Amino acid sequence: EAQVTQNPRYLITVTGKKLTVTCSQNMNHEYMSWYRQDPGLGLRQIYYSMNVEVTDKGDVPEGYKVSRKEKRNFPLILESPSPNQTSLYFCASSSKQGPGNTIYFGEGSWLTVV
Amino acid sequence: AQSVAQPEDQVNVAEGNPLTVKCTYSVSGNPYLFWYVQYPNRGLQFLLKYITGDNLVKGSYGFEAEFNKSQTSFHLKKPSALVSDSALYFCAVRDVLGTSGTYKYIFGTGTRLKVLA
């Protein structure tokens with residue numbers, strides 16, 4: 001079954017404590033990205049990756065890092081989380097082939113920073 | 001830069017009535033437009049897309065969308081709403097960056113659809 005899997009689904013952490021949200025897809029997709037969803041703001045892109053070792057900033061990259069060492073994995077790293085990073089995070093992937101490929105989303109990760 | 005706008009935060013409709021969720025876009029070149037739905041505590045699910053061809057696009061769960069180039073709109077429609085259609089709906093556009101083949105997806109702010117029994 002085509003899947004984007006992200007973990008953890010729910011996390012409460014403290015300010016400044018580094019954390020990583022993992023994302024893995026089983027569809028051999030080249031394109032992967034991270035979004036955060038906040039009320040009234042919709043989905044905003046944090047980082048995206050067009051392929052292994054190719055990453056780029058989205059609209060709201062501050063306070064986040066990513067890496068793409070393998071095609072299937074695209075972890076999101078918060079080196080020093082702050083309360084304004086409390087949000088719902090989604091990982092997504094799609095194939096690069098063709099102009100209008102479907103984006104597949106993970107189930108989301110609820111992150112609370114206290 | 002390309003963008004999409006969803007002018008309504010919430011749309012209420014009675015069960016059995018037709019529904020419309022609005023989306024307008026701003027693009028340079030040919031638009032690649034999408035609709036996604038998000039049910040509570042779930043990720044986004046693909047509904048339909050417009051790439052080229054017929055202006056009326058049919059998708060999942062009985063939804064369809066009409067691409068209107070002159071009005072730069074891509075409204076989501078369904079002839080008869082169900083209570084189970086209540087969810088958050090997002091319009092999106094694919095933004096091609098330069099000539100390198102790099103692209104990103106831009107989402108609207110979402111419209112909450114409430115279907116009343």
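The values are calculated or read from the model by the stated rules, or taken from the named source; none is laboratory data. Quantities reported herein were computed from a predicted structural model and do not represent experimental measurements. Don't worry about glycine lacking a Cβ; one is built from the backbone with ideal geometry, like all the others, and counts go over all protein chains shown. We work out accessible area using only protein heavy atoms, side chains counted, and drop any ligands, DNA or RNA first. Shrake-Rupley method; radii C 1.70, N 1.55, O 1.52, S 1.80 Å.
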Orientation-averaged projected area, Cα convex hull of chain B (nm²): 7.3 nm²
Estimated vicinal HN-Hα couplings, Hz - segment B:11-25 in sequence order (Karplus 6.51, -1.76, 1.60; Gly, Pro = x): 10, 10, 8, 7, 4, x, 7, x, 10, 9, 10, 8, 8, 10, 9
Segment A:1-33 and segment B:1-46: distance between their alpha carbon centers, rounded to Å: 25 Å
Sulfur and carbon atoms: percent of accessible area, segment A:42-96 [1.4 Å]: 47 percent
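Would you tell me the mean number of C-beta atoms belonging to other protein chains that fall within 10 Å of each C-beta in B:27-39, as a whole number?
2
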Candidates A:Ser67, A:Ser80, A:Ser24, ranked by Gaussian network fluctuation over chain A, Cα under 10 Å, top entry: A:Ser80
Residues losing 50 Å² or more accessible surface upon assembly, segment B:41-63, compared with the chain by itself, 1.4 Å: B:Asn41, B:Leu44
Förster radius 22 Å - calculated FRET efficiency between A:Asp56 and A:Asn28, Cβ distance, rounded to 0.05: 0.60
Net charge over other residues, Cβ less than 15 angstrom from the Cβ of A:Asn26 (K, R count +1; D, E count -1): -2
Computed P(r) (all Cα pairs; the protein assembly as shown; 5 Å bins; percent): 1, 7, 14, 18, 19, 16, 12, 7, 4, 1, 0
Among B:Lys49, B:Lys69, B:Lys77, residue whose mean-square fluctuation peaks in a GNM of chain B (springs only between Cα atoms under 10 Å): B:Lys69
Per residue solvent-accessible surface (Å²) - chain B, probe of 1.4 Å: 47 Å²
Count of Lys pairs (Cα-Cα under 18 Å; at least 8 positions apart or interchain) in chain B: 17
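Note down the net charge around B:Thr20, summing +1 for each Lys or Arg and -1 for each Asp or Glu among other residues with Cβ under 10 Å from its Cβ.
Charge balance near B:Thr20 sits at +1.
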Stokes-Einstein D (µm²/s) once Rh is taken as the Kirkwood radius of chain A over alpha-carbon pairs, at 10 °C in 1.306 mPa s: 113 µm²/s
Accessible surface of segment B:33-108, 1.4 Å probe, proportion on carbon and sulfur as whole %: 53 percent
Å² per residue, accessible surface of chain A at 1.4 Å: 46 Å²
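What net charge do the residues around A:Pro61 carry, taking every other residue with its C-beta under 13 Å from that of A:Pro61, with Lys and Arg at +1 and Asp and Glu at -1? Please report the intermediate quantities before stating the final value.
Values: positive: A:Arg36, A:Arg44, A:Lys57, A:Lys65, B:Lys104; negative: A:Asp56, A:Asp59, A:Glu62, A:Glu79.
Summing Lys and Arg as +1 and Asp and Glu as -1 gives +1.
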Solvent-accessible area buried by pairing B with A, both sides, nearest 100 square angstrom, 1.4 angstrom probe: 2000 Å²
